[in-house]
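What follows is a set of notes on a single structure, which appears directly below.
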Amino acid sequence: MPERTLPTNTRAQTQADRLLRHCVYLIATGKWSPGDRLPSIRETRRDWGLNQLTVQQAYRRLAAVGLVESRPRSGYYVAGGGALERLSRHRYELANLHRSVAEVIRGHCDLSLLGVLRYLAQLEEIERTREPEVAFVECTATQAAAHAAEIARRLGIPVLPLTTAQIAGRRERLPSAVRRLLTSAFHLDELRPLQRVPALTVSVVPIEVSPQAVAGVGSREILLLEQEESMAAHIAEDTARLLGADRVRTRLTDDPAAELARLLGAAQRSGGPIALLSPRLWGRLDERWRGDERVREASFRIAEDGWAAIAEAVGLPLSLP
């Protein structure tokens with residue numbers, strides 16, 4: 001059975017995140033309708049005890065995804081259109097479910113309905129933290145953990161990091177609670193046997209090279225090391241896009257240490273090329289090369305345009321579009 005190592009602080013949210021989620025809920029449930037004016041920044045600062053920058057950050061993100069529009073000298077207003085339709089598509093389904101659950105609770109006890117629902121929500125969070133329903137699968141444990149933590153921070157749900165080797169395409173090697181698998185397109189073929197398993201979904205998450213991987217390289221040449229051609233092409237494309245120029249040379253290798261010795265052994269440490277290694281090759285390096293400032297890992301992050309699909313894949317009804 002795979003080790004259940006979970007990212008910490010899965011419910012950690014910034015103040016802007018909390019305000020954003022509050023606004024999303026009010027819009028999705030129809031409390032705020034198209035054309036309604038949001039509370040002014042001054043009112044929200046006072047009511048929430050936040051500074052102006054934090055309120056502006058939340059409102060601007062709502063505008064960026066199309067849920068509200070900013071009117072000069074007037075404020076922010078709920079917008080109609082596709083973004084609102086996608087956000088509120090589960091509105092009536094959830095309202096009907098709420099009525100059914102409320103009838104069951106009131107028929108079995110005289111406790112506060114709100115209190116019971118809050119208790120059940122907290123209980124479910126505890127249970128899902130112990131036994132997550134969602135897992136992120138990657139070729140390395142480090143990369144799986146990084147993407148699991150991204151989702152936990154952004155969406156507030158526990159995600160179990162797993163590797164393709166741990167699962168080996170077999171349902172019995174997954175924890176029984178896992179119902180949803182997320183992975184990058186590069187590993188979908190390895191998980192295809194699981195797509196036929198009942199009550200288990202496999203969804204592809206778009207990833208891209210993180211800007212931090214090439215931060216501060218200046219005009220230096222990038223030597224990209226990978227062992228598989230399609231992955232190398234993807235990393236090279238992302239890296240060239242980040243640097244704004246075609247300065248990437250690709251080397252395919254199964255022996256990164258030997259290739260680094262050949263490429264960088266006699267090269268200058270200052271002003272010379274930077275070797276960028278895929279995560280799986282990075283994991284094979286010893287401390288000598290990991291400590292060399294000319295050698296970096298091609299770390300990845302989830303692409304911004306993939307978050308709506310992720311929220312849908314993990315079953316969040318109030319996901320941002």
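What the table below lists for this structure:
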item: Spans of helices (runs of 4 or more DSSP H) in the stretch 8-70 with at least 2 residues out of contact with any Pro (no Cβ under 8 Å at 6 or more places or on another chain) and of a type in the set (A, V, I, L, M); result: 15-28, 52-64
item: Qualifying residue in the stretch 287-299 (condition: open to solvent by less than 60 Å² (accessible area, probe 1.4 Å), part of a helix (DSSP H, G or I) and at pLDDT 90 or above); result: yes
item: Flag if L117 is of a type outside the set (D, E), without any contact (Cβ under 8 Å) to a residue 40 or more places away in the chain and open to solvent by 30 Å² or more (accessible area, probe 1.4 Å); result: yes
item: Single residue of the stretch 245-260 satisfying the filter (over 14 Å from L281 (Cβ atoms) and open to solvent by 70 Å² or more (accessible area, probe 1.4 Å)) that is modelled with the lowest pLDDT; result: D246
item: Residue identified as within 27 Å of the chain's Cα centre (by Cα), among the acidic types (D, E) and either farther than 19 Å from R18 by Cβ or open to solvent by 30 Å² or more (accessible area, probe 1.4 Å) (or both) among E69, E43; result: E69
item: Residue among I126, I167, I151 that alone is closer than 29 Å to H22 by Cβ, open to solvent by less than 60 Å² (accessible area, probe 1.4 Å) and not polar (S, T, N, Q); result: I151
item: Residue, modelled with the highest pLDDT, within the stretch 72-93, restricted to residues that are outside any loop (DSSP other than H, G, I, E, B), open to solvent by less than 80 Å² (accessible area, probe 1.4 Å) and out of contact with any helix residue (DSSP H, G or I) (no Cβ under 9 Å at 6 or more places or on another chain); result: Y77
item: Residue list for the stretch 199-230, filter: touching a residue at least 24 places away in the same chain (Cβ under 8 Å) and open to solvent by 20 Å² or more (accessible area, probe 1.4 Å); result: T201, S203, P206, E208, P211, Q212, S219, R220, E221, Q227, E228, S230
item: Some residue of the stretch 269-282 being open to solvent by 10 Å² or more (accessible area, probe 1.4 Å), in contact (Cβ under 8 Å) with a residue 60 or more places away in the chain and assigned to a strand (DSSP E or B); result: no
item: Pairs, first touching a residue at least 24 places away in the same chain (Cβ under 8 Å) in the stretch 174-198, second assigned to a loop (DSSP other than H, G, I, E, B) and of a type in the set (V, I, T), C-beta under 7 Å, six or more apart; result: R180/V314; L182/V205; T183/V205; S184/V205
item: Residues located in the stretch 55-84, provided they are within 15 Å of V24 (Cβ to Cβ) and of a type in the set (K, R); result: R60, R61
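The values are calculated or read from the model by the stated rules, or taken from the named source; none is laboratory data. None of these values were measured; they are calculated from a predicted model. Cβ sites come from the backbone with ideal geometry, for glycine too, and all protein chains shown count toward neighbours. For accessibility, only protein heavy atoms count, side chains too; no ligands or nucleic acids. Shrake-Rupley method; radii C 1.70, N 1.55, O 1.52, S 1.80 Å.
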